[in-house]
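Below is one structure, written out as structure tokens, with a few remarks after it.
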Amino acid sequence: MFSGSIPALVTPFRNGVFAEDEYRSLVEWQIAEGSKALVPCGTTGEAATMPKEEHFRVVRACAEQAAGRVPVLAGAGSNDTSVAITNVQAAKEAGADAVLMVPPYYNRPSQEGIFRHFEAIARAATLPVVLYNVPGRTVTDIQPATMARIVRAFPDIYIGVKDATGQLTRVSEHRAGGGENFIQLSGNDETALAFNAMGGVGCISVTANVAPRLCAEFQAAWAAGETARALALHDRLYPLHVALFTDASPGPVKYALGKVRPGFAQELRLPMTEAGEASRAAVDAALAHAGLL
């Protein structure tokens, strides 16, 4: 269901309000440029600052605009198990094809608590789930043994992982624990090439917001066995992968989008703020290196 370049979409705001027309235009551009799926309301989409009604309005806009041309993987995680369960149903009603689900953040559950959280979700789930392991944000790490336990217990629900641990050895461990059909997607653009070499099949990408065609061509080159071309595209994109995290995300991403799509809404919601001067300079240089300016 999921492979290749998959943008974790930003959410445009104007005067504090979701700019739906601009979002639909972004979705359309992403599909035209070769993105293989779309992630609304993930971390990059500022889901943490959205009330539930708005959150699933964004998911609905994404699904309606995609209109079945590419699958939609909606962010739906919560540190409250009961809320996570209702989020899955809300995502389905909004038209999503699957949900992206972090382990409980802030609470810091044990590995047993993590398993029981996902067990409860699985027993009520109406959509497939891609696990999202990002301990740098959640302070909760789904250990490989727990990941394997979850997937083996509910193989029809937990179909893959977005791994943003930065630990490339996890790819081999997850392949051993989840099986060859378990979908592994990198959550880090800068290591996506190495991740694929270890057994991954794509990336849920921040950079693809800004450079969707290049990211799609990179993933396609790797999948076709064109390793030299994949490496060349990686080198072309690498400074941008780094520059987009020189300040708190998605500040630099929205700034970059304003460069490649003039007039795009760059407004952020507090506590997120716009990229600083040094970050903007790094983004400008990286866009020029990639040939996007």
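Placing a label point 7 Å from the Cα of residue 284 along the Cα-to-Cβ direction, none of the residues of the range 244-270 has a backbone N under 11 Å of that point. Residue-wise HN-Hα couplings along the range 114-124, as the Karplus relation 6.51 cos²θ - 1.76 cosθ + 1.60 with θ = phi - 60° gives them from phi, are 4, 4, 5, 4, 6, 5, 5, 4, 4, 5, 10 Hz; Gly and Pro carry x. Near residue 281, once Lys and Arg are set to +1 and Asp and Glu to -1 for all other residues with Cβ below 14 Å from its Cβ, the sum equals -2. Computed from the C-beta positions of residue 111 and residue 86 and an R0 of 30 Å, the FRET efficiency is 0.75 to the nearest 0.05.
Taking 7 Å steps out from each Cα toward its Cβ at residue 14 and residue 67 produces label points 2.3 nm apart.
Using the Cβ-Cβ distance between residue 272 and residue 197 with R0 set to 35 Å, the FRET efficiency from 1/(1 + (r/R0)^6) comes to roughly 0.60.
Computed from phi, the 3J(HN,Hα) profile of the range 170-175 under the Karplus parametrisation 6.51, -1.76, 1.60 (θ = phi - 60°) reads 4, 4, 5, 5, 6, 5 Hz, with x in place of Gly and Pro. Put simply, the amide H of residue 160, placed in the peptide plane, has neighbours under 5 Å in 131, 183, leaving out anything fewer than 5 places away on its chain. Among the listed pairs 92/162; 162/259; 52/259, a Cα-Cα separation exceeding 26 Å is found for 162/259; 52/259.
Dividing the mean sequence gap of close Cα pairs (under 8 Å, 6+ apart) by how many residues the range 1-130 holds gives a relative contact order of 22 percent. In the elastic network of the chain, a GNM with C-alpha springs shorter than 10 Å, the most mobile of 263, 160, 95 is 263. Taking other Cβ atoms within 10 Å as a rough exposure proxy, 158, 106 sort from fewest to most as 106, 158.
DSSP finds beta bridges in the chain, and of those with both partners inside it, around 10 percent are antiparallel. How large is ³J(HN,Hα) for each residue in the range 2-7, as worked out from phi by the Karplus curve 6.51 cos²θ - 1.76 cosθ + 1.60 (θ = phi - 60°), to whole Hz, x for Gly and Pro? Working through the residues one at a time gives 10, 6, x, 8, 10, x Hz. Springs between Cα atoms under 10 Å define the GNM used for the chain, and in it the highest mean-square fluctuation of 67, 76, 208 occurs at 67. Residues of the range 248-271 falling in the label zone of residue 29, defined by backbone nitrogen less than 20 Å from a point 7 Å along Cα to beta-carbon, are 249-269.
For the range 88-172, the dipole from Cβ point charges (+1 on Lys and Arg, -1 on Asp and Glu) about the Cα centre works out to 160 debye, to the nearest 20. A cut-off under 14 angstrom between Cβ atoms defines the neighbours of residue 135, and their net charge, with Lys, Arg +1 and Asp, Glu -1, is +2. When +1 charges are put on Lys and Arg Cβ atoms and -1 charges on Asp and Glu Cβ atoms, the dipole computed for the chain relative to its Cα centre reaches about 280 debye. For residue 98, which sequence-distant residues (separation of 5 or more, or a different chain) have an amide H within less than 5 Å of its own amide H, given hydrogens modelled in the peptide plane? Excluding prolines and chain starts, which carry no amide H, the hits are 72, 74. So what's the net charge close to residue 73: Lys and Arg +1, Asp and Glu -1, counting the other residues with Cβ under 15 Å from its Cβ? With Lys, Arg at +1 and Asp, Glu at -1, the net is +3. Annotation: aspartates and glutamates with alpha-carbon distance below 17 angstrom to residue 36 (same-chain offsets under eight excluded): 28, 64, 97, 189, 217.
Sequence-distant contacts, meaning Cα pairs under 8 Å at least 6 residues apart, place the relative contact order of the chain at 18 percent. Computed over the chain, the per-residue total of -39500 (n - 2.57) for DSSP H runs of n ≥ 4 gives a 222 nm mean residue ellipticity of -14500 deg cm²/dmol, rounded to 500.
Values quoted throughout were computed directly from the atomic coordinates according to the rules given, and no laboratory measurement underlies them. Predicted model, so just to flag it, every value in this text is computed and none were measured. We place every Cβ from the backbone using ideal geometry, glycine too, and count neighbours over all the protein chains shown.
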